[in-house]
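The values are calculated or read from the model by the stated rules, or taken from the named source; none is laboratory data. Here the structure is a predicted model, which means the values were calculated and not measured. For neighbour counting, all protein chains shown are included, and Cβ atoms are generated from backbone atoms with ideal geometry for every residue, glycine included.
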Amino acid sequence: MTGPVGVVLLNMGGPDGPEAVRPFLENLFSDPEILPVPSLLRRPLARWIAARRSRFVVDRYRAIGGGSPIARITRDQAAALERALGPGFVVTVAMRYWAPRAGAAVADLVRRDVGRIVAVPLYPQFSRTTTGSSLADLERAVAAGGLGDRPCIAIRSWHDYPPYLDALAETVAEALERAPGATVLFSAHGLPVRVVEAGDPYLDQVNATVAGVLQRLSPVPHRLAFQSRAGPVKWLEPATEDAIRALGREGTGRVVVVPVSFVSDHIETLHEIDIEYAALARDAGIAQFLRVPSLNTRPAFVRALAALVRERGAVPA
């Protein structure tokens, strides 16, 4: 196969308007990695959960402009990455639960006559609930779309990749210049404890990312917490909201939040952190509460992705 290398950026996706919130949630909770119940029950239960949750989730999306910017940002990341990689590479986007889906990404790769495929999940830390689900979805689409004969490399995680850690630490250092002496609160997406206990490496990889960032900074007070819980199961602790309250009780005046498992702005950064947690911090007596900007299309991050593709996207001999 002599065509260009087709790079696929994988992400969760998000509803592009209020009317898309309920079907997006239904797609999300229909994933067996998200809702591990018998298959006969999953779709009806997903519809029920989506109907209940969409009533208040719609308001959250309206507060950030009506929909998620994640598809637009990921397309911008793809365009920037394609420019950084240069001739011989094409980059497309596959979202797990909303458009553009994996089938559309594969159709794009067919149109561009790629010779091989490199899958790059935009989740730095591997979890079967995110990276695992997205890679399986892409694999199905590749087979169905007629590209099953193309070599395909999956970059399963890059939580400790030095250029990525450099880019993330750069954002933290810039925020600390605006909030000297602040406590750094790393906020990772939550995960049910049962998933970790079953062998999922996510927690270990989050800890490795945090350690790698801290190695690149002057010594700072710091904590790790977990956000975005949903459902009546035991989740990783402490919860980010509990960590914020604790910092307030301890008299912490400045907090810099690092969304350590996200590389793109979406509902968890723009609403959960910027609106909900910021209000909680004010109520807790924290005078300055900053979130480091998401990596999005930050040049250092795009260069890191390009280096990652070149280094780990080669076909094994």
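Taken over the stretch 197-212, the criterion of being farther than 11 Å from Leu224 by Cα and surrounded by fewer than 16 Cβ atoms within 10 Å (Cβ to Cβ) is satisfied by Glu197, Ala198, Gly199, Asp204. Within the set Gly14, Gly3, the sole residue that is part of a loop (DSSP other than H, G, I, E, B), in contact with a His (Cβ under 8 Å, 6 or more places away or on another chain) and of a type in the set (Gly, Ala, Ser) turns out to be Gly14. For the stretch 1-39, filtered to residues that are surrounded by fewer than 15 Cβ atoms within 10 Å (Cβ to Cβ) and at pLDDT 95 or above, the residue that is farthest from the chain's Cα centre (by Cα) is Glu19.
Within the stretch 59-97, take every residue that is in contact with a strand residue (DSSP E or B) (Cβ under 7 Å, 6 or more places away or on another chain) and surrounded by fewer than 19 Cβ atoms within 10 Å (Cβ to Cβ) and give me the one that is nearest to Ile275 (Cα to Cα). Of everything passing the filter in the stretch 59-97, Arg75 is nearest to Ile275 (Cα to Cα). Filtering Val213, Val142, Val195 for residues that are touching a Ser or Thr at 6+ places or on another chain (Cβ under 7 Å) and farther than 19 Å from Thr252 by Cβ leaves a single hit, Val195.
Which ones in the stretch 221-232 are in contact with a helix residue (DSSP H, G or I) (Cβ under 7 Å, 6 or more places away or on another chain) and either among the hydrophobic types (A, V, I, L, M, F, W, C) or surrounded by fewer than 17 Cβ atoms within 10 Å (Cβ to Cβ) (or both)? Residues satisfying the conditions are Leu224, Ala225, Phe226. One residue stands out in the stretch 226-285 among those that are polar (S, T, N, Q) and outside any loop (DSSP other than H, G, I, E, B): the one that is farthest from Phe29 (Cα to Cα), namely Thr240.
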